[in-house]
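Read-outs: derived from the displayed coordinates by stated rules, not from any lab. Computed from a prediction, not measured in an experiment: that's the story for all the values here. Cβ placement follows ideal geometry from the backbone for every residue including glycine, while neighbour counts extend to all protein chains displayed.
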Amino acid sequence: MTIAEFLAPVGSGPQRELCLAVLYYYQRYREKPSLTVEEIRAELIRARVPKASKINAADVLNKSGAMVDSPGVSGSRRLWQLTTTGEAHIRAALNLPAAEPEIEHDVATLGALAATIGDVVVQEYILEAIKCLSIGALRAAIVFLWTGAIRTLQEQALTTHQASLNAAISKHDPKARQVNKLEDFAYVRDATALLAFQELGILDKGEKATLGEALDLRNRCGHPTKYVPGIKKASSFIEDVVGIVFA
């Protein structure tokens with residue numbers, strides 16, 4: 001999620017909410033707990049907030065009372081950070097769900113991962129998963145992350161095992177279509193693909209079993225059922241998939 005997307009709900013709101021929202025965004029999603037007023041103003045400008053260059057962030061924060069604290073300086077610049085009171089205030093202002101440590105950690109993990117991915121399509125799936133996690137849409141986050149992960153494995157199989165790929169797929173599903181390009185995997189079940197990836201040595205037995213469980217969860221989340229995963233279940237899914245596919 002970009003800073004512009006995060007600030008959109010308060011884009012034309014009070015200056016205090018805008019400044020606090022920037023602090024919240026960097027504290028929660030970029031693991032940077034404090035910023036200078038210059039950094040805050042720069043982010044408001046980057047997010048294309050109207051008249052951002054004219055916002056006196058120092059004055060706004062000085063008048064924000066118990067919602068902010070100043071933990072020190074960076075060079076000669078004073079640093080500002082949110083207090084617990086400030087976090088609660090901006091969550092209410094942005095209509096965010098209550099803080100969940102697992103979700104915050106997973107958002108940071110996926111954000112760092114997305115920055116390292118060269119495949120634009122896979123990166124977009126990871127970014128979509130982050131957006132969903134940030135608003136508590138766990139089922140959607142699981143589906144998006146799985147899609148990015150299985151595509152990554154498919155690309156690896158095509159790149160490094162193209163000559164033996166179809167034989168491995170046919171061994172587990174004789175009726176499966178031939179795979180000559182990435183799009184052909186649309187006609188191969190993910191469960192069959194995982195078996196083929198193990199056959200090719202891309203996954204070991206334990207990794208295949210773990211991803212098989214992850215696929216089961218993805219299917220429960222992607223189909224129209226009443227199933228809703230808990231935070232710990234979603235966090236475990238993310239840890240397993242990221243650790244196996246993207247490590």
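Listing for the model above:
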| item | result |
| --- | --- |
| Positive minus negative residues near L158 (Lys, Arg vs Asp, Glu; Cβ under 11 Å) | -1 |
| 5 angstrom amide H check on L79, placed H, neighbours 5+ away | G72, V73, S74 |
| Length added when fully stretched, A209-D119, from 0.36 nm per residue minus Cα-Cα | 29.8 nm |
| Rounded FRET efficiency, nearest 0.05, which uses the C-beta distance separating Y187 from A167 and R0 of 22 Å | 0.85 |
| Candidate aspartates and glutamates for bridging to K51, where Cα separation is under 18 Å - those fewer than 8 sequence places away on the same chain excluded | E5, E17, E38, E39, E43, D59 |
| Cα gyration tensor shape of the chain, rounded if a/c is under 1.5, else prolate or oblate by comparing a/b with b/c | prolate |
| Tilt relative to the chain, helix 231-245 - C-alpha long axis, 0 to 90 degrees, to 10 | 60 degrees |
| Residue order, fewest to most surrounding Cβ atoms within 10 angstrom, among L145, L35 | L35, L145 |
| Among T225, I55, V179 - extreme Cα towards positive end, dipole of the chain, charges at beta-carbon | I55 |
| Cross-link pairs beyond the 30 Å C-alpha cut-off, checked among K208/K232; K32/K208; K175/K205; K32/K131; K32/K226; K175/K233 | K32/K208; K32/K226; K175/K233 |
| Helix 101-114 vs. the chain, principal-axis angle (Cα, 0 to 90°, nearest 10) | 70 degrees |
| C-alpha long axis of helix 162-172 to longest principal axis of the chain, angle in ° | 70 degrees |
| At q = 0.22 Å⁻¹, base-10 log of I(q)/I(0) for the stretch 3-94 (Debye sum, equal scatterers on each alpha carbon) | -1.10 |
| Extension reserve of the S12-N95 stretch, reckoned as 0.36 nm per residue once the Cα distance is removed | 28.3 nm |
| Formal net charge of residues neighbouring P174 (Cβ-Cβ distance under 15 Å; K, R +1; D, E -1) | +2 |
| Ranking of T36, T83, T159 by count of other Cβ atoms within 10 Å, fewest first | T159, T83, T36 |
| Tensor-based shape of the stretch 101-245 (alpha-carbon gyration tensor, a/c under 1.5 rounded, otherwise prolate or oblate) | prolate |
| Cβ-based net charge around L35, under 11 Å, with every Lys or Arg adding one and every Asp or Glu removing one | +2 |
| Label-point gap, in nm, between I231 and N62 - each point 7 angstrom along Cα→Cβ | 3.8 nm |
